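Have a look at the structure below before the remarks.
The values are calculated or read from the model by the stated rules, or taken from the named source; none is laboratory data. Remember, predicted model here, so these are calculated numbers, not experimental data. Note that we place each Cβ from the backbone using ideal geometry, even for glycine, and neighbour counts take in every protein chain shown. The accessibility values were calculated without ligands, DNA or RNA, using every heavy atom of the protein model including side chains. Shrake-Rupley method; radii C 1.70, N 1.55, O 1.52, S 1.80 Å.
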Amino acid sequence: MRIVVLALCMLLSSGALAQPAIVPQNNAAPVNNNIPIPIAAANAGENSPSIISVVPPSWSNLRGAYSGFSVEIGNPPQKLMPGGGDYGVVSAITGAIEIPATADANIISKNTSGLIIISGILGVARTSSIAAPAVGVYGGAHMAVSKAQAWGANFTTKNFDSSGVPPASGFNGQAYGVEVDMNLVAPASGWAGSNADGIWITGEWNSKVDGQMNGLHIGAQGTAGWKNAIKTDHGSATEFAEIGKTTKTGASPSQMIHLISSDGKGDFHALIQADADGSVSIKPNYYGHTKGLIVSSADPTLFVKVHPVEGITAPSVATRALLVDLDGKGVKIVSVGPPNSCGRGQRCLSVPN
């Protein structure tokens, strides 16, 4: 048996629900039309959802924003919609809010607003199942042709109130691209096998791509760049980072830290890595001619302090480049002997008594 769900259409026609903003295919500004949305036929039964079907945009020449179904609060201006007339933006569902200055009066305390979350779209989920997870908001993107592009999610935060070409100036304030809050309270019986990740980046693939493949890629449009690509607050963590092995099982060195510098003529690559035997390797200009390793201090007399000196290999150390404290009575300069001073192919290092 097939039925057509008309309840929503009736509510929209009677004015019991906000009217949809329908954008004509000639790209005119959206208007509120008191007309029912056509609802496609659906099979009866608990696993047969109602489907709202609207006319698609003119894909070949769309500029500005086109929404299949739009819910608006406070009559937000059209200039807020992505696209700005420069390009087209299409969404199946749009939620838009204009927050008035009168919201400033809603406060809990001197420093706490009574309106904490004001969102275009809110997703909330709760689960009582140990098998089915709760997901507040989900985004899925797929490719159906080669050389396509896909984003699972895409967010934009601006310190100005328009889309398209940015204005000459913006507003002072606090801007956050994405905020991720992890709120935890210890169970009455104590923790037992629980894990918590603020952001978990994972995926599935049977082969790595032939270009870049980054778990986290921090870039910047324009020339300004970030002040800090990553910053941690005081007391925010015990360890800044835990870097794993290059393989999942068996003997393996750690994943490398790769540093790139340039003298204006070419790039240099330095690697820092823990070897499989537990030692740590610092490899200056790993892919080119050998370069020096410099450990320095703002005080020119305290370039390097090593204690004890046993196990230090220093084939070439400049004067005052290495100081050691052998007896706890202060650092002393290590002098480097001439070639072969400690036998063929060896230099001697000497420390004053």
message = Name the residue that is least open to solvent (accessible area, probe 1.4 Å), counting only residues in segment 159-180 that are under 23 Å from Ile201 (Cα atoms) and among the β-branched types (Val, Ile, Thr).
response = Val180
query = Looking at Ser162, is it at pLDDT below 95, in contact with a helix residue (DSSP H, G or I) (Cβ under 6 Å, 6 or more places away or on another chain) and not basic (Lys, Arg)?
reply = yes
ask   = Do you know which residues across segment 153-187 are of a type in the set (D, E, K, R) and in contact with a Gly (Cβ under 8 Å, 6 or more places away or on another chain)?
value = Lys158
key: Long-range neighbours under 8 Å by Cβ, at least six apart or interchain, first residue on the phi > 0 side of the Ramachandran plot within segment 57-70, second open to solvent by less than 20 Å² (accessible area, probe 1.4 Å) and in a loop (DSSP other than H, G, I, E, B)   = Gly64/Val23; Gly64/Gly83
task = Could you list all residues from segment 241-294 that are closer than 23 Å to Ile230 by Cβ, assigned to a loop (DSSP other than H, G, I, E, B) and without any contact (Cβ under 8 Å) to a residue 12 or more places away in the chain?
result = Ala241, Glu242, Gly244, Thr246
key: Within segment 50-73, tally of residues that are open to solvent by 50 Å² or more (accessible area, probe 1.4 Å) and either in contact with a Lys or Arg (Cβ under 7 Å, 6 or more places away or on another chain) or small (Gly, Ala, Ser) (or both)   = 3
note = Just one listed residue, out of Glu179, Glu204, is acidic (Asp, Glu) and under 28 Å from Val89 (Cα atoms), and it is Glu179
ask   = Is it true that Pro300 is modelled with pLDDT under 50 and either within 41 Å of the chain's Cα centre (by Cα) or closer than 27 Å to Leu271 by Cα (or both)?
value = no
ask   = Pairs, please: C-beta under 8 Å, at least 6 apart or cross-chain, first residue closer than 22 Å to Gly193 by Cβ and in segment 115-130, second at pLDDT 95 or above and surrounded by 10 or more Cβ atoms within 10 Å (Cβ to Cβ)?
value = Arg126/Ala134; Thr127/Ala134
Qualifying positions in segment 78-137 - in a loop (DSSP other than H, G, I, E, B), under 28 Å from the mean Cα position of the chain (by Cα) and under 25 Å from Val55 (Cβ atoms) = Met81, Pro82, Gly83, Gly84, Asp86, Tyr87, Gly120, Ile121
task = Being small (Gly, Ala, Ser) and exposed (fewer than 13 other Cβ atoms within 10 Å of the Cβ) is the filter here, so list the residues in segment 247-291 that pass it.
result = Gly250, Ala251, Ser261, Ser262, Gly264, Gly266, Gly278, Ser279, Gly288
query = On the given criteria, is Tyr87 out of contact with any His (no Cβ under 6 Å at 6 or more places or on another chain), free of Cβ contacts under 8 Å to residues at least 60 places away in the same chain, over 25 Å from Glu179 (Cβ atoms) and open to solvent by less than 60 Å² (accessible area, probe 1.4 Å)?
reply = no
